[in-house]
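Asker: Handing you this structure, nothing more for now.
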Ligand code: HEC
């Protein structure tokens with residue numbers, strides 16, 4: 001009887017532990033960054049045809065930072081605390097009458113810092129939403145996003161820098 005109990009408790013422990021460990025490896029989804037249009041505008045960049053990244057990133061993009069991320073950028077820091085969010089808002093850039101304007105929104109890309117949850121991608125969760133929708137388009141954040149941002153490891157994987 002005692003042996004059965006020991007075996008039973010042992011199995012229960014293994015099952016529970018397995019469950020907890022499994023939870024730890026599930027990468028949480030990066031939520032849509034509600035309200036980011038009211039955050040700090042960091043910079044704008046226009047990427048024209050002929051640029052090597054035109055295929056994926058061509059057009060006009062604006063970068064936004066929430067308060068936590070903006071504070072680090074303003075100080076020229078290189079460590080972003082958990083909860084920092086950066087947004088890369090990309091638009092078509094049609095040229096007409098000698099003016100280049102914002103066209104349709106192509107994608108809204110997001111980086112959310114949660115060091116433990118996203119440790120495989122430098123502590124940042126990477127996600128991108130198609131057009132004006134909430135449709136997620138990142139299927140493999142390592143190859144689609146992180147590998148390129150990895151070049152900025154010394155700046156916590158962030159490219160954008162603050163200008164006054
Ligand atoms: C080929 C390289 C490359 C890939 C791949 C890439 N990025 Fe970036 N990303 C950049 C560069 C360069 C910038 C800075 C743009 C600027 O200076 O305006 C940037 C900027 C950003 C920013 C603003 C913060 C920062 O680092 O300046 C976010 C958010 C972002 N990218 C998210 C993503 C997401 C999400 C993916 C994957 C879907 C992705 N990126 C894939 C190169 C890349």
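The values are calculated or read from the model by the stated rules, or taken from the named source; none is laboratory data. As the structure is a computational prediction, the values presented were derived from the model and not from experiment. Positions of Cβ are backbone-derived with ideal geometry, glycine not excepted, and every protein chain shown enters the neighbour counts.
Asker: Of the numbered conditions (1) within 14 Å of the chain's Cα centre (by Cα); (2) closer than 21 Å to residue 44 by Cβ, residue 140 fails exactly one; give the number of that condition.
Answerer: Of (1) within 14 Å of the chain's Cα centre (by Cα); (2) closer than 21 Å to residue 44 by Cβ, only one is false for residue 140: (2).
Asker: Still on this structure: Return only the number of the condition from (1) exposed (fewer than 14 other Cβ atoms within 10 Å of the Cβ); (2) closer than 29 Å to residue 26 by Cα that residue 98 does not satisfy.
Answerer: (2)
Asker: Any chance the range 86-98 includes a residue that's in contact with a helix residue (DSSP H, G or I) (Cβ under 8 Å, 6 or more places away or on another chain), within 13 Å of the ligand (Cβ to nearest atom), in a loop (DSSP other than H, G, I, E, B) and under 24 Å from residue 32 (Cβ atoms)?
Answerer: Restricting attention to the range 86-98, the residues satisfying the condition of being in contact with a helix residue (DSSP H, G or I) (Cβ under 8 Å, 6 or more places away or on another chain) are 86-87, 89-90.
From the residues that got through so far, the ones that are within 13 Å of the ligand (Cβ to nearest atom) too are 86-87, 89-90.
In the following step, the residues that additionally are in a loop (DSSP other than H, G, I, E, B) were identified as none.
No.
Asker: Please state which one of 87, 107, 142, 138 is free of Cβ contacts under 8 Å to residues at least 24 places away in the same chain and touching a strand residue (DSSP E or B) at 6+ places or on another chain (Cβ under 8 Å). Write out each step before concluding.
Answerer: Details: 87 fails: free of Cβ contacts under 8 Å to residues at least 24 places away in the same chain; 107 fails: free of Cβ contacts under 8 Å to residues at least 24 places away in the same chain; 142 fails: touching a strand residue (DSSP E or B) at 6+ places or on another chain (Cβ under 8 Å).
Result: 138 is the single residue among 87, 107, 142, 138 that is free of Cβ contacts under 8 Å to residues at least 24 places away in the same chain and touching a strand residue (DSSP E or B) at 6+ places or on another chain (Cβ under 8 Å).
Asker: For the condition in a helix (DSSP H, G or I) and under 23 Å from residue 148 (Cα atoms), what is the one hit in 72, 42, 30?
Answerer: Details: 42 fails: in a helix (DSSP H, G or I); 30 fails: in a helix (DSSP H, G or I).
Answer to the selection: 72.
Asker: Also, I was wondering about something else. Are any residues in the range 116-131 on the phi < 0 side of the Ramachandran plot, part of a loop (DSSP other than H, G, I, E, B) and within 12 Å of the chain's Cα centre (by Cα), and if so, which ones? Reasoning before the result, please.
Answerer: Step one: list which residues in the range 116-131 are on the phi < 0 side of the Ramachandran plot, which gives 116-121, 124-130.
Those left that are additionally part of a loop (DSSP other than H, G, I, E, B): 116-118.
Within the range 116-131, 118 is the sole residue that qualifies.
Asker: Considering each residue of the range 147-160, count those that are in contact (Cβ under 8 Å) with a residue 12 or more places away in the chain, near the ligand (Cβ under 8 Å from one of its atoms) and under 13 Å from the mean Cα position of the chain (by Cα), and give that number.
Answerer: Keep residues of the range 147-160 that are in contact (Cβ under 8 Å) with a residue 12 or more places away in the chain, which gives 149-150, 153-158, 160.
Subsequent filtering for residues that are near the ligand (Cβ under 8 Å from one of its atoms) retains 149, 157-158, 160.
From what's left, under 13 Å from the mean Cα position of the chain (by Cα): 149, 157-158.
The qualifying residues number 3.
Asker: Among the listed residues 139, 143, 108, which satisfies the condition of being in a loop (DSSP other than H, G, I, E, B) and at pLDDT 95 or above? Don't jump to the end; show me each part of the working.
Answerer: Details: 143 fails: in a loop (DSSP other than H, G, I, E, B); 108 fails: in a loop (DSSP other than H, G, I, E, B).
One residue alone meets the criteria, 139.
Asker: Also, I was wondering about something else. So residue 122 fits all but one of (1) within 12 Å of the ligand (Cβ to nearest atom); (2) surrounded by fewer than 18 Cβ atoms within 10 Å (Cβ to Cβ); (3) free of Cβ contacts under 8 Å to residues at least 40 places away in the same chain; what number is the exception?
Answerer: (2)
Asker: Could you tell me which numbered condition residue 56 fails, if it satisfies all but one of (1) over 25 Å from residue 163 (Cα atoms); (2) within 12 Å of the ligand (Cβ to nearest atom); (3) at pLDDT 95 or above?
Answerer: Answer for residue 56: the failing condition is (3).
Asker: Any idea which of (1) surrounded by 13 or more Cβ atoms within 10 Å (Cβ to Cβ); (2) part of a loop (DSSP other than H, G, I, E, B) is the one residue 134 doesn't satisfy?
Answerer: Residue 134 satisfies all of (1) surrounded by 13 or more Cβ atoms within 10 Å (Cβ to Cβ); (2) part of a loop (DSSP other than H, G, I, E, B) except (1).
Asker: Now for a separate question. Go through (1) more than 20 Å from residue 32 (Cβ to Cβ); (2) touching a strand residue (DSSP E or B) at 6+ places or on another chain (Cβ under 8 Å); (3) within 11 Å of the ligand (Cβ to nearest atom); (4) part of a loop (DSSP other than H, G, I, E, B) and name the single condition residue 80 misses.
Answerer: (1)
Asker: Let me ask something else about it. Kindly list the number of the only condition in (1) over 19 Å from residue 53 (Cβ atoms); (2) surrounded by 16 or more Cβ atoms within 10 Å (Cβ to Cβ) that fails for residue 91.
Answerer: (1)
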